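Chemist: If you scroll down you'll find the structure; I have some questions about it.
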């Protein structure tokens, strides 16, 4: 089992202190959530709470993931970087391909892109992006990313994106994994059909295991069950070795977690966060080494 440090809701100023600690204390990756803006009022209910309210307060830091990854890659050696998650169809595919590829080059290929279709129609409108077509456009964008990352001349003719022969460099020098996030059936099917992995939301262990079994069936249907496939899970009811081992046995490869609530509660004090990153490594990660 590998462990991924969630940076959601953290002050940006803390991340340059946390990344080197995670790098030297057994953490596999650091992960970043994604919002460009945070409207004061929203027309689209947040889908992961019962009342549709957001999980974070106003004025929470949401750094650009790829700028942040580039900066942190320069001060770490082994730590990988990923997302939970990056809203792909809200962006232009060429700019996304360029940003991720550049981050891969800077980090010596320590990047796994974890994408989703997003939930905020408000943000899509502000980004001049069509919310209703986001799923179908995501499918095309995933194909386009792979083409652009080849570094060769490529062309594409899809329903939403078309371009004649062009090349984009620098391209990643190693295969760049793409995980697909989401707990809806279309999202999990997309992960099975096009992804190198799947990212859960905050779910019970039983729900995660049930979803994994569904994805296995779909991967077999698509003829992809012989390919490597990783799963980053955020269990709501597992906090110790036994709970994580049960998930590992079911196919989970990465646990995404925020350690400071276990030791210091809902803190934004960087010293307590650093302490938590170290203690969690000693208490939990070391048991899976």
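Chemist: Would you mind computing the Rg to Rh ratio of the stretch 60-122 from its alpha-carbon coordinates, Kirkwood style for Rh? Provide the component values of the computation, followed by the final result.
Modeler: Values: Rg = 12.0 Å, Rh = 12.3 Å.
Dividing the radius of gyration by the Kirkwood radius yields 0.98.
Chemist: Moving to a separate point now. At 222 nm, what helix-only mean residue ellipticity would the chain give, in deg cm²/dmol to the nearest 500, using -39500 (n - 2.57) for each DSSP H run of four or more? Before the final figure, lay out the partial values.
Modeler: Working: 10 runs with 113 residues, N = 289.
Helices in the chain give a 222 nm mean residue ellipticity of -12000 deg cm²/dmol.
Chemist: With 10 angstrom as the radius, rank 4, 12 by how many other C-beta atoms surround their C-beta, starting from the fewest. Walk me through the numbers on the way to the answer.
Modeler: On the way: 4 26, 12 14.
By the 10 Å Cβ count, ascending: 12, 4.
Chemist: Between 0 and 90 degrees, rounded to the nearest ten: what's the tilt of helix 241-250 against the longest Cα principal axis of the chain?
Modeler: Its long axis makes an angle of about 30 degrees.
Chemist: Separation between the residue 60 and residue 264 pseudo-spin-labels, each 7 Å from Cα along Cα→Cβ, expressed in nm?
Modeler: 1.9 nm
Chemist: Based on the alpha carbons, how large is the Rg to Rh ratio for the stretch 162-289 when Rh follows Kirkwood? It would help to have the intermediate numbers written out before the result.
Modeler: Numbers: Rg = 17.8 Å, Rh = 16.7 Å.
Value, to two decimals: 1.07.
Chemist: Can you give me the angle between helix 205-221 and the longest principal axis of the chain, using Cα atoms only, in degrees from 0 to 90, rounded to the nearest 10?
Modeler: Between the helix axis and the principal axis of the chain, the angle is about 30 degrees.
Chemist: If you build the Cα gyration tensor of the stretch 1-120 and take the root of 5 times each eigenvalue, what three semi-axes come out, in whole angstrom, biggest first?
Modeler: Working: eigenvalues 129, 59, 31 Å².
Its equivalent ellipsoid spans semi-axes of 25, 17, 12 Å.
Chemist: Using only the alpha carbons of the stretch 198-271, what is the convex hull's orientation-averaged projected area in square nanometres?
Modeler: Details: hull surface 23.3 nm².
Reported value for the Cα convex hull: 5.8 nm².
Chemist: For the chain, modelled as a Gaussian network with Cα springs under 10 Å, which listed residue fluctuates most, 202, 148, 166?
Modeler: 166
Chemist: Give me the percent of DSSP beta bridges within the stretch 138-244 that run antiparallel, rounded to the nearest 5. All intermediate terms of the calculation are to be shown ahead of the outcome.
Modeler: Working: 3 of 11 bridges.
Approximately 25 percent, going by the DSSP bridge assignments.
Chemist: OK, next. What whole number of Å gives the distance from the Cα centroid of the stretch 58-98 to the Cα centroid of the stretch 182-212?
Modeler: 21 Å
Chemist: Across the Cα atoms of the chain, what radius of gyration and what greatest pairwise Cα-Cα distance (Dmax) are found, in Å?
Modeler: Every Cα atom of the chain included, Rg and Dmax give 18.6, 55 Å.
Chemist: In degrees, nearest 10, range 0 to 90: what is the angle between the Cα axis of helix 93-106 and the longest Cα principal axis of the chain?
Modeler: The two axes meet at around 50 degrees.
Chemist: Let me ask something else about it. Roughly speaking, what is the centre-to-centre gap between the stretch 1-56 and the stretch 141-170 when only Cα atoms are used, to the nearest Å?
Modeler: 30 Å
Chemist: Quick one: among 123, 221, 50, which has the greatest mean-square fluctuation in a GNM of the chain with alpha-carbon springs under 10 angstrom?
Modeler: Among 123, 221, 50, the largest mean-square fluctuation in the Gaussian network model of the chain belongs to 50.
Chemist: Antiparallel as a % of all DSSP beta bridges within the chain, to the nearest 5?
Modeler: Working: 3 of 30 bridges.
Roughly 10 percent of the beta bridges in the chain run antiparallel, per DSSP.
Chemist: Comparing 203, 157, 17, which has the greatest mean-square fluctuation in the GNM of the chain with Cα pairs linked when under 10 Å apart?
Modeler: Checking each option, the largest mean-square fluctuation is seen for 157.
Chemist: Please arrange 277, 36, 199 by how many other C-beta atoms lie within 10 Å of their C-beta, fewest to most. Intermediate results must be reported in sequence, preceding the final value.
Modeler: Details: 277 24, 36 13, 199 29.
Result, fewest neighbours first: 36, 277, 199.
FYI, it's all coordinate maths here, none of it is from the lab. Because the structure is predicted, anything quoted here is derived from the model rather than measured. No Cβ is skipped: glycine too gets one built from the backbone with ideal geometry, and neighbour counts run over all protein chains shown.
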